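The values are calculated or read from the model by the stated rules, or taken from the named source; none is laboratory data. If you're wondering where the values come from, they're calculated on a predicted model, not measured in any experiment. Neighbour counts are summed over all protein chains in view; Cβ atoms, including those assigned to glycine, are modelled from backbone coordinates with ideal geometry. Accessible surface areas use protein heavy atoms only, side chains included; no ligands, DNA or RNA. Shrake-Rupley method; radii C 1.70, N 1.55, O 1.52, S 1.80 Å.
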Amino acid sequence: MHPPPSPAGEPAAYRKAAWRLVPFLFFCYILAYLDRVNVGFAKLQMSRDLGLGDIAYGTGAGIFFIGYLLFEVPSNIILSKVGARIWIARIMITWGIVASLQLFVSDEHAFYLLRFLLGVAEAGFFPGIILYLTIWFPSEYRARMVAWFMTAVAIAGVVGGPVSGAILEAMDGFGGLQGWQWLFVLEGLPSAAMGVVVLFYLDDSPRDASWLDTEEKDLLMRRAALDGERRLGGAEEHTAGYAMKNPKVWGFSGVYFLVVMGLYGISFWLPQIIGDTITSDERAIGWISAIPWLAAAVAMVLNGVHSDRSGERRWHVAAPCLVAATAFALSAMPQSGGWYGIVALSVATAGIMSALSCFWSLPSSMLGGTAAAAGIAVINSFGNIAGYVSPELAGRIRESAGDRMEPVLAMFSLSLLLAAFATLAVTPVKQPQSNTRYQ
């Protein structure tokens, strides 16, 4: 074991690292999530212009995750070898270009192809950032750092809804392009531009950071080494093979799958729900869609901070899943349409995002080295199969139910209920106290 580092200057060093890295990564993830789910707003016009039905839309929205799944694990292993700076830049530049190329979609086959390629391009971004944060922040800081980073999903909904609605309305017909075509271009190109910025801004580890002094670099590197030794037993546990055969990795994959079912239910179908039950005005849909994500942004940060302070992870994931399951069930009732439905969906969204804000503290506390890269990627890849299953299944259920969303919302409720029970089954009752300071 390395000698424990002195706590002197530790809070200031981690505060400095957090302010340098998390806001930048947060903004990058906003762009990533917008480019992934803005198809939900594009659908409002694409269905009319291209004749896409709910099943074709659901298939196209979800096929993104097939490309994502196939390339997630190798992408994250490459990142662990070459460093985050180069690989995250590559990911952002390629996905920004592919996202913009969706303006050329002319039929459902072109839609499927470009959504698949977008998944291939973006594969490795999210688990790569989760892995990157483990290099900089030990376990007692990690839940709040991940929570702040993942708040980007909620903020993407808060900002992306009004912006997407405004683009659809204001740019429709400008320059001979439809509003949905401008949506893909204006939200895709900034991602490619930020990829170039990543090359000059990110550092692969504290050792490379010119903005840290020598003492701060040494403190962060020693704490990272201690954190790795504390959670691992032997060298074999650092390997990709260990992660692949670890039953807890697959258990967490199942939990993540069930939570993501609900997440992409909200992400891909919220504009449609608002359009069906409240208003068909695209700009108004954008503003109303921001409400659930604003509630989620507040709830997930509070949950992450409380989890770090208490050192408890298990119920900070399971309890929000139970809340989300209950809210989805209420939103599925016939009398819960319109604004009552928005309130219920706001609670459901807050529950989902609160669970996700603490979820990644569980697997990252038991894996290190290449095992962390592979294990996090496996969990994210398998879980994100739900990104394909959720919109595909929802589209089929909706069409068979005569364009009604109630059966779809009931399905999401069941998924979150199972996620809560699965979390309790996979995680031990007594967890190591991750908020213990080294004195």
Among helices (runs of 4 or more DSSP H) completely within the stretch 79-158, the ones holding 3 or more residues that are within 20 Å of Ala209 (Cβ to Cβ) and either over 19 Å from the mean Cα position of the chain (by Cα) or touching a residue at least 40 places away in the same chain (Cβ under 8 Å) (or both) are 84-101, 125-136
Report yes if some residue within the stretch 102-111 is open to solvent by 10 Å² or more (accessible area, probe 1.4 Å) and within 25 Å of Lys16 (Cβ to Cβ); otherwise report no.
-> no
Pairs with Cβ under 7 Å, 6+ apart, first in the stretch 263-288 and β-branched (Val, Ile, Thr), second surrounded by 24 or more Cβ atoms within 10 Å (Cβ to Cβ) and outside any helix (DSSP H, G or I) = none
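Collect the residues in the stretch 155-174 that are touching a Lys or Arg at 6+ places or on another chain (Cβ under 7 Å) and of a type in the set (Gly, Ala, Ser), keeping them in residue-number order.
Result: Gly165, Ala166.
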Name the one entry in Leu189, Leu183, Leu202 that is in contact (Cβ under 8 Å) with a residue 60 or more places away in the chain and either open to solvent by 60 Å² or more (accessible area, probe 1.4 Å) or over 24 Å from the mean Cα position of the chain (by Cα) (or both).
-> Leu189
Quick one: which of Arg115, Arg90, Arg48 is out of contact with any strand residue (DSSP E or B) (no Cβ under 8 Å at 6 or more places or on another chain), open to solvent by 20 Å² or more (accessible area, probe 1.4 Å), among the charged types (D, E, K, R) and modelled with pLDDT of 85 or more?
-> Arg90
Residues that are open to solvent by 70 Å² or more (accessible area, probe 1.4 Å) and assigned to a helix (DSSP H, G or I), drawn from the stretch 278-291 = Arg283, Trp287, Ile291
Those helices (runs of 4 or more DSSP H) lying entirely in the stretch 292-406 with at least 1 residues surrounded by fewer than 18 Cβ atoms within 10 Å (Cβ to Cβ) and at pLDDT 80 or above | 314-331, 338-359, 385-400
